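Every number in this text was worked out from the coordinates using simple rules, so none of it is lab data. Not measured: the values here are computed from a predicted model. All Cβ positions, even for glycine, are placed from backbone atoms using ideal geometry, and neighbour counts span all protein chains on display.
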Amino acid sequence: MTVLTEDAVIDAVCRHLVADRWEIVSRARATEHGVDIVATRDGTRLEVEAKGAGSSKPHTARYGRAFNRGQVFDHVAKAVLKALRVAFVGNVQAAVAFPDQRANACD
C-alpha cells in the first residue's frame, strides 16, 4: 500500500486547482507552518488545509505507515476546525483536502 503524504496531497490539489484556472499564490510543505495552499481566481481567495494518510517525517514512529483510526480522527478534526476558522472570517473560501484511503484499513 502506498501511503500518500501531506506533500503528495498538496501537489495533487495544486495540479487540480491550476487545471481549473486557479493561481497558486503559496504552498507550504509538511515541514513548514502556515496555510497549506493559498490560491486565487477572479478575485476570490481560497485557503486549503491538506492532510496526508501517514507521516512523511523519517524521525517519527509511523514514518511510511498509514495513520491509525485515532490519528485519522485527530487530523481530520484539526483540518476541519482550521477551515471553519477561515470561513468564519468571511471574505475567504476554505477547503480541506484528504487522500482517498477508504480501501485501506486503518490499524
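Tabulated values for the structure
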| item | result |
| --- | --- |
| Percent RCO, i.e. relative contact order, over the chain, from Cα pairs under 8 Å lying at least 6 residues apart | 28 |
| Förster-model FRET efficiency, 22 Å R0, Lys78 and Arg15, C-beta, rounded to 0.05 | 0.35 |
| Reciprocal of mean inverse Cα separation for the chain (Kirkwood radius, Å) | 14.4 |
